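Below is one structure, written out as structure tokens, with a few remarks after it.
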Amino acid sequence: MQDALQTYIPIKAVSQVLELLKHDNLVVKIKKERKTRHGDYKRLPNGRHQITVNSNLNIYRFLITLIHEIAHFEAYKNFGRTIKPHGIEWKRTFQHLMLPFLNPEIFPIEILPLLAKHFKNPKASSDTDVKLAYALKQFDEPNDKTFIFELPLHSRFKLYNGRIFKKGDIRRTRYECIEINTGRLYLFNANAEVELLID
């Protein structure tokens with residue numbers, strides 16, 4: 001596991017993460033990219049616990065996702081199965097587990113203030129934190145995707161599943177977008193990654 005982790009997370013974080021994973025009944029699997037999630041946690045029928053994380057994440061997002069999922073395991077272990085998945089028990093556990101990693105030996109100095117702010121009240125997904133998601137994206141491999149908030153008003157864009165939309169106005173924190181085929185209105189997070197279509 002140590003060799004595999006060195007590929008996916010910052011080197012200075014490996015020993016701390018290995019300590020968190022020292023459980024006989026916890027399995028970590030690295031998966032191919034899934035469009036709808038970065039990782040997940042579940043209790044298996046045999047009583048063991050499994051964490052999966054997408055292999056395509058940059059090392060900083062992979063680390064955050066892995067600790068996010070370990071926090072689910074720890075919260076389940078300490079508080080039982082009746083807690084809300086992203087309730088107060090999980091939030092406190094995630095904050096506690098993440099704190100030792102919030103230092104410049106592990107994360108770039110420009111991301112640390114954004115992480116500190118995010119972890120005052122962590123959300124179910126770090127993607128809902130637009131500034132943090134944008135900062136983390138700077139460490140991704142180059143691709144043809146862009147964030148919705150970067151697109152010109154009324155431009156057309158395509159999702160990973162092929163559906164095409166037209167960008168509209170912002171409503172508080174999300175953008176109103178019309179699906180071209182159906183005319184239906186959808187709301188998108190400002191940092192949803194999409195492919196801009198050039199007319």
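The values are calculated or read from the model by the stated rules, or taken from the named source; none is laboratory data. Treat the numbers as computed from the prediction; the structure is a model and nothing was measured. Backbone-built Cβ (ideal geometry, glycine too); neighbour counts: all protein chains shown.
Some observations on this one:
- Which numbered condition GLU141 fails, given (1) in a loop (DSSP other than H, G, I, E, B); (2) more than 20 Å from ILE9 (Cα to Cα); (3) charged (D, E, K, R): (2)
- Being part of a loop (DSSP other than H, G, I, E, B) and either outside the structural domain of LEU187 (by TED's automatic domain parsing) or in contact (Cβ under 8 Å) with a residue 24 or more places away in the chain (or both) is a property that holds for PRO122.
- Residue that is modelled with the highest pLDDT, among those in segment 179-199 that are of a type outside the set (Asp, Glu), out of contact with any Cys (no Cβ under 7 Å at 6 or more places or on another chain) and crowded, with 17+ Cβ neighbours inside 10 Å: VAL194
- Each residue in segment 173-199 was checked for being more than 22 Å from the chain's Cα centre (by Cα) and outside any strand (DSSP E or B), and 7 pass.
- The single condition among (1) closer than 22 Å to LYS35 by Cβ; (2) at pLDDT below 95; (3) surrounded by 14 or more Cβ atoms within 10 Å (Cβ to Cβ) that ILE170 does not satisfy is (1).
- Of the residues screened, GLU105 is one that is of a type in the set (D, E, K, R), closer than 22 Å to ILE9 by Cβ and over 19 Å from the mean Cα position of the chain (by Cα).
- Here LYS35, LYS12, LYS29 are screened, and the one residue that is modelled with pLDDT of 85 or more and more than 20 Å from ASN103 (Cα to Cα) is LYS29.
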